[in-house]
1. If you go through the stretch 73-82 one residue at a time, how many are surrounded by 22 or more Cβ atoms within 10 Å (Cβ to Cβ) and within 16 Å of the chain's Cα centre (by Cα)?
2. Just name the residue that is surrounded by the fewest Cβ atoms within 10 Å (Cβ to Cβ) out of those in the stretch 178-192 that are part of a helix (DSSP H, G or I) and without any contact (Cβ under 8 Å) to a residue 40 or more places away in the chain.
3. Which condition from (1) within 30 Å of residue 15 (Cβ to Cβ); (2) not in a helix (DSSP H, G or I) is the one that residue 87 breaks?
4. Among the residues of the stretch 8-35, write down those that are out of contact with any helix residue (DSSP H, G or I) (no Cβ under 7 Å at 6 or more places or on another chain) and part of a helix (DSSP H, G or I).
5. When you go through 53, 70 one by one, which is the residue that is surrounded by 13 or more Cβ atoms within 10 Å (Cβ to Cβ), touching a residue at least 60 places away in the same chain (Cβ under 8 Å) and in contact with a strand residue (DSSP E or B) (Cβ under 9 Å, 6 or more places away or on another chain)?
6. Among (1) over 15 Å from residue 104 (Cβ atoms); (2) at pLDDT 95 or above, there is one condition residue 215 misses while meeting the rest; what is its number?
7. Residues to consider are 119, 99, 94, 85; find the one that is surrounded by fewer than 24 Cβ atoms within 10 Å (Cβ to Cβ) and over 18 Å from residue 45 (Cα atoms).
8. Here is a list of conditions, (1) under 15 Å from the mean Cα position of the chain (by Cα); (2) modelled with pLDDT under 90; (3) within 26 Å of residue 64 (Cα to Cα), and residue 253 meets all of them except one; can you say which number that is?
C-alpha cells in the first residue's frame, strides 16, 4: 500500500502542490491558465488519444454506460438524502452537484496513467469525454434547479465546448484509419502531452480555498458518497456489463475521484451554494489521498 501511495498518489499530489505554491508565491490567477487547459490542452489530449485508441466500439459504449449509471445512482442518492434532510432548493442542487461530479480530468487522467499505464489512460480519456458531456448537460440541469433557471441550455451546453468536437474528430480519424501529416500530428501530440501536468497545476491553484465548518455534516456525507459509494456503484455496473481487468479497475478508480472544480463553476453560475461545493471539492481532494491509495492497492 505504501508503494501505491509513493508511486501513484503522491506524484500527482506533489505536482498539484507545486502549482499551488508557485501560484500563491507569484499570485498566479487560475483564470489565466484554466481556459488554456479547457480549450486547448484537453481537446488535443482527447483527439490524440481517441485517434490512436485500440478500444473497440463495444468497450467504449460500456465505459460510457458505467459513467452514466454511476452518475444516475449518485444523483438519486443525493436527491433522496437532501429531501429527507429538508434542504432548501439551492442546497439540494449543491449536494447533487458535489455528489455526481468526479474529478476525472485533473486527477483522474494522471492517476489512471500512473496506476494502470497507457491502457488505463485510454479508458480514462474515454471516461473523461463521457464525464465532460454529463457535466455540461445533466450537471447544468441540476445546477439550474437552484434558481429556476432554464433547462433548455442543458441540451445545448455540450456543443459549446471543444471536447466533444475533438472526440468526434478523433473517432473519425481512428475509424477511417487516417494518417495525419506530421505538420499537424506533432503539435497536437505536444499539446496532448502537456495536458495532464497542466491539469494538475490548475488543480493546485484551485484548491487554495479557506475551509469552514458550515454544513459540516452535509460535506462529510457528500464526501463519503463521492469517495466510497461511487466506486462501489461503478464496480457493480462494470461487472454487470461484462467489463474486467484494467478497464473495470480503471473505471472503479475514476468513480472514486473527489469532486471536480467544474461543480463549483456550475454552482457559482446558478447560485447553488458555491461555498458549500467549494468545501466539498477541497476536503474530498485531501481525503482522496487516503481512499485512492487503499482502493488502488486492493485492485492492483
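1. Residues in the stretch 73-82 being surrounded by 22 or more Cβ atoms within 10 Å (Cβ to Cβ) and within 16 Å of the chain's Cα centre (by Cα): 1 in total.
2. Here is the first cut: in the stretch 178-192, the residues part of a helix (DSSP H, G or I) are 182-192.
Now restrict to residues that are without any contact (Cβ under 8 Å) to a residue 40 or more places away in the chain: 182-187, 190.
Values: 182: 9, 183: 7, 184: 9, 185: 15, 186: 11, 187: 11, 190: 11.
Out of the qualifying residues, it is 183.
3. Every condition holds for residue 87 apart from (1).
4. Going through the stretch 8-35, the residues out of contact with any helix residue (DSSP H, G or I) (no Cβ under 7 Å at 6 or more places or on another chain) turn out to be 10, 14, 21-22, 24-27, 29, 31-32, 35.
Listed by number, the residues that qualify are 10, 14, 21, 22, 24, 25, 26, 31, 32, 35.
5. Values: 53 fails: in contact with a strand residue (DSSP E or B) (Cβ under 9 Å, 6 or more places away or on another chain).
Going through 53, 70 in turn, just one is surrounded by 13 or more Cβ atoms within 10 Å (Cβ to Cβ), touching a residue at least 60 places away in the same chain (Cβ under 8 Å) and in contact with a strand residue (DSSP E or B) (Cβ under 9 Å, 6 or more places away or on another chain): 70.
6. It fails just one condition, (2).
7. Numbers: 119 fails: over 18 Å from residue 45 (Cα atoms); 99 fails: surrounded by fewer than 24 Cβ atoms within 10 Å (Cβ to Cβ); 94 fails: surrounded by fewer than 24 Cβ atoms within 10 Å (Cβ to Cβ).
Matching residue, one of 119, 99, 94, 85: 85.
8. (2)
The values are calculated or read from the model by the stated rules, or taken from the named source; none is laboratory data. Not measured: the values here are computed from a predicted model. Note that we place each Cβ from the backbone using ideal geometry, even for glycine, and neighbour counts take in every protein chain shown.
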